[in-house]
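Since the structure comes first, as structure tokens, the remarks are kept for the end.
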Amino acid sequence: MANETTTVNLENPANTVNSVNTAVTVPVNRTYKSTLFIMLFQDKKNLLELYNAVSGKHYTDPEVLEINTLENAIYMTVKNDISFLIDGWLSLYEHQSTYNPNLPLRFLLYIAKLYSRMTRNANLYGTKVIRIPPPEFLIFYNGKEELPERTVLKLSDMYEKEDPHAGLELEAVMLNISGKNNRKLKDACRTLKDYAIYTDKVREYAEEMDLADAVERAIRECIAEDVLKDFLEKHRAEAKEMSIFEYDQEKHMRQEREEAWAAGLEEGQEQMLMTLIRKKLAKGKTTGVIAEELEQPEERVRKLIDKIDEEKS
């Protein structure tokens, strides 16, 4: 299946805009990051539509966009979804189906790589000011968690110490596009609206049937309802495989968070029990009495007492 991709010319980054071409599609488990969101918005026409919706501008020529997304093998550990130059700004767009508070730091790594590439032939030690485009950072969220329509994530929120005078700040705006959120934005960008409808359908149907069947049903319905119709008809097989992969990944990440939360809760309960046991031991109470008063199995109380003794030694 042929697919439109963006390839960065590392020797001459200025030629990046001319590097969109037809290439053979590789499997979804490719070594570089790819999602349905990227597939849709690496198309300049769709990306310009999204930019206009976000910025309130009315550009009509997709060629005013210069895509410079980090996706070459040399940047294997630092890959962003979509980045592009337009209007004198460097815009970085990310899509997330799970809430990620670390995105400001990820954006910092992305922008550092992009600026490094843009200024690779400039004299950074000279007396002349090197002009760089100001950045904007946007996240399009369409996960299950109930989040506000608009959230600002700050790099300073990640600092170990709170310092209002910290020398480095980065702010990213997260827009919730799931369900009925941000209707005005989605009405202004048909592609974004259709994408949100499709992913909402996949998520809904996956709750009641096999994931592959859920994706197939969502694709059939969307084509019938003229939602991403042309895209899904042209890229049906790859879109299905990619949707299954993305949903599985999202589910795995959600389960990991739930397990971590449960582990933290259990640890907190254990610490509380140990505190109570210490107090009762100080009063000279026996293991059996402590177990009875705390309504805990005697074996568990005994193990916690052993743990308390180990901490003392």
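Structure data summary
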| read-out | value |
| --- | --- |
| Among residues of the range 130-162, those that are charged (D, E, K, R) and within 17 Å of Asn80 (Cα to Cα), counted | 1 |
| Qualifying residues in the range 294-313 (those that are under 14 Å from Met272 (Cα atoms) and of a type outside the set (Lys, Arg)) - the one surrounded by the fewest Cβ atoms within 10 Å (Cβ to Cβ) | Glu295 |
| Residue check, Leu185 at pLDDT 95 or above, of a type outside the set (S, T, N, Q) and part of a helix (DSSP H, G or I) | yes |
| Candidate set from the range 106-157 (those that are touching a residue at least 60 places away in the same chain (Cβ under 8 Å) and part of a helix (DSSP H, G or I)); member that is most open to solvent (accessible area, probe 1.4 Å) | Met118 |
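A quick yes/no check of all residues on (1) more than 30 Å from Thr60 (Cβ to Cβ); (2) not β-branched (Val, Ile, Thr):
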{"residue": "Arg183", "(1), (2)": "no, yes"}
{"residue": "Cys189", "(1), (2)": "no, yes"}
{"residue": "Arg203", "(1), (2)": "yes, yes"}
{"residue": "Glu207", "(1), (2)": "yes, yes"}
{"residue": "Glu216", "(1), (2)": "yes, yes"}
{"residue": "Val227", "(1), (2)": "no, no"}
{"residue": "Phe231", "(1), (2)": "no, yes"}
{"residue": "Arg236", "(1), (2)": "no, yes"}
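The values are calculated or read from the model by the stated rules, or taken from the named source; none is laboratory data. Owing to the predicted nature of the structure, the values given are computational and were not obtained by experimental measurement. We place every Cβ from the backbone using ideal geometry, glycine too, and count neighbours over all the protein chains shown. With ligands, DNA and RNA removed, areas are computed over all heavy atoms of the protein, side chains included. Shrake-Rupley method; radii C 1.70, N 1.55, O 1.52, S 1.80 Å.
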